[in-house]
Amino acid sequence: RLVRAAWETARLETGFPSRAAQGAEGDAHAPDVPPEEVLREIETLSEELRADLLQTFRDTARYVSGSVGRLGRLRRRWNAPLLAAADRSLFRASRGRGAAPWRGVNLGGWFLLEPGPCSYFWEALPAKAKAAKCEWGCCAALGRVAATKMLEEHRRTYFGKTDFAEMKAAGITHVRLPIGAWCVLGPRPDEPFVGPCLDDLDRAIDLVEESGLELVLDLHGCVGGESGAAPCGREDTTWNYRMWDARSSLEALRVLAERYAGRRCICGLGVCNEPAMSTPAPVLARYYESAVRTIRRAGMVAGEVTILLPVYTEFRTAEFIYLWQSNYSSYEDCAFDLHLYQCFGSLWSALSLESHMRAARGRE
């Protein structure tokens, strides 16, 4: 029963069709399990066993659903009506902003530190701080005074006019700026983050606007974290979705929307980044709906700013369409934000370049 529950969870995540969706007769030995029952079953496992079991089934489902030949064609046929429905009613982005393709890059490591995107900053750190894997750990190791001094300098100088001029000359049209909620609201009493830094953020947006580029602001690190991974500001193996402070995160979005409504360069606002897959989809959907209402009431209007709602991983797309197909069409100028990685998990590392290219083409 637990194995069947794990398989059903992986099937929902990957978008691989059930036997009923395939048009075949039901399989009495492996029936579909209702999502709420899946959660109850999976939660009875130990954390380690649950993670191993789910990863095994995820890899299997991804391989089968993405394979070429009959099953690959079956998956594409099954997804076709879902994608058509999404195109008609779910993704109602403004025609003006969606008329031309975006060519964009991320401004990672500027207002949310990560060792990779700001490697030169990390290399200059003292040994203890350099060993940290996230902004929380870095600031905690540096201490309040040193962290404040280094972060203030970094935020003022990490990108300049020349950088944006070079992006523009290279054909870039859009940039995405990840920020932590502490940059907007300041850290909570028990957090080592440095903030708020809205004046620095103002200057950053001025630079983008002066360059003629368009900007997507992204609340990359929510209050309490939308996961326990380093990209949201803190790597925390004890994290669970109940630690995500949705109310305070919505307040950060409200401040951003009020402050930057009407700015010519801002074309999008992301409400979080890569929320943990352990966050139940209904919980995430409620946060997204609240975020849309908050941003619109604060002055960022449809037709000027698209609201980006992450679906992470991409295999939760069908789940979100199922949840929202009855009411999401009432929200104007919103889009699901999919991060199409082809690097995580043992399956991807085993593929040839040709197989990678074929998989990428299949996602178009």
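Hey, does segment 284-292 have a residue that's under 16 Å from LEU177 (Cβ atoms), open to solvent by less than 10 Å² (accessible area, probe 1.4 Å) and touching a helix residue (DSSP H, G or I) at 6+ places or on another chain (Cβ under 7 Å)?
Here is the first cut: in segment 284-292, the residues under 16 Å from LEU177 (Cβ atoms) are none.
No, every residue in segment 284-292 fails to be under 16 Å from LEU177 (Cβ atoms), open to solvent by less than 10 Å² (accessible area, probe 1.4 Å) and touching a helix residue (DSSP H, G or I) at 6+ places or on another chain (Cβ under 7 Å).
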*Which condition number does ALA298 fail, the rest of (1) within 23 Å of ALA360 (Cβ to Cβ); (2) open to solvent by 10 Å² or more (accessible area, probe 1.4 Å); (3) among the aliphatic types (A, V, I, L, M) being met?*
(1)
*Would a scan of segment 217-232 turn up a residue that is buried (at least 23 other Cβ atoms within 10 Å of the Cβ), in contact with a Phe, Trp or Tyr (Cβ under 6 Å, 6 or more places away or on another chain) and of a type in the set (Asp, Glu)?*
yes
_It is to be established whether one or more residues within segment 198-211 are farther than 30 Å from ALA335 by Cα and touching an Asp or Glu at 6+ places or on another chain (Cβ under 9 Å)._
no
*Please identify the pairs in which a residue from segment 228-252 that is in contact (Cβ under 8 Å) with a residue 40 or more places away in the chain has its Cβ atom under 6 Å from the Cβ atom of a residue that is aliphatic (A, V, I, L, M) and assigned to a helix (DSSP H, G or I), counting only partners at least 6 apart or on another chain.*
ALA252/VAL184; ALA252/LEU185
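Would you check which residues across segment 149-164 are surrounded by 15 or more Cβ atoms within 10 Å (Cβ to Cβ) and not basic (Lys, Arg) and list them? It would help to see each step written out before you state the result.
Looking only at segment 149-164, we keep the residues that are surrounded by 15 or more Cβ atoms within 10 Å (Cβ to Cβ), and these are 150-151, 154-155, 158-159, 164.
Within segment 149-164, MET150, LEU151, HIS154, TYR158, PHE159, PHE164 qualify.
With respect to ALA124, is the statement that it is of a type in the set (A, V, I, L, M) and open to solvent by less than 70 Å² (accessible area, probe 1.4 Å) true? Give the derivation first.
Numbers: of a type in the set (A, V, I, L, M): yes; open to solvent by less than 70 Å² (accessible area, probe 1.4 Å): no.
For ALA124, the condition - of a type in the set (A, V, I, L, M) and open to solvent by less than 70 Å² (accessible area, probe 1.4 Å) - is not met.
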*Specify which of the listed residues (SER89, SER94) is at pLDDT below 95, within 24 Å of the chain's Cα centre (by Cα), in a helix (DSSP H, G or I) and of a type in the set (S, T, N, Q).*
SER89
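Residue-by-condition table, conditions (1) open to solvent by 30 Å² or more (accessible area, probe 1.4 Å); (2) assigned to a helix (DSSP H, G or I); (3) modelled with pLDDT of 95 or more:
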{"residue": "CYS139", "(1), (2), (3)": "no, yes, yes"}
{"residue": "PRO192", "(1), (2), (3)": "no, no, yes"}
{"residue": "PRO196", "(1), (2), (3)": "yes, no, yes"}
{"residue": "VAL208", "(1), (2), (3)": "no, yes, yes"}
*In segment 141-178, what residues are outside any strand (DSSP E or B), touching a residue at least 12 places away in the same chain (Cβ under 8 Å) and closer than 22 Å to ARG264 by Cβ?*
PHE159, GLY160, LYS161, PHE164, ALA165, MET167, LYS168, GLY171, ILE172, THR173
*Verdict on LEU185 being open to solvent by 10 Å² or more (accessible area, probe 1.4 Å) and within 23 Å of LYS149 (Cβ to Cβ)*: yes
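Mind listing just one residue for me: the one in segment 314-340 that is at pLDDT 85 or above and at negative phi and, of those, surrounded by the most Cβ atoms within 10 Å (Cβ to Cβ)?
Quick first cut of segment 314-340, residues at pLDDT 85 or above only: 316, 332-339.
In the following step, the residues that additionally are at negative phi were identified as 316, 332, 334-339.
On the way: ARG316: 22, GLU332: 15, CYS334: 25, ALA335: 17, PHE336: 20, ASP337: 21, LEU338: 15, HIS339: 11.
Here the answer is CYS334.
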*asked:* Restricting to segment 169-187, give me the number of residues that are in contact with a helix residue (DSSP H, G or I) (Cβ under 8 Å, 6 or more places away or on another chain) and basic (Lys, Arg).
replied: 0
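The values are calculated or read from the model by the stated rules, or taken from the named source; none is laboratory data. Remember, it's a predicted structure, so these values are computed and weren't measured experimentally. Counting neighbours? That spans all protein chains shown, and the Cβs are built from the backbone with ideal geometry, glycine included. SASA here: full protein model, heavy atoms, side chains in, ligands and nucleic acids out. Shrake-Rupley method; radii C 1.70, N 1.55, O 1.52, S 1.80 Å.
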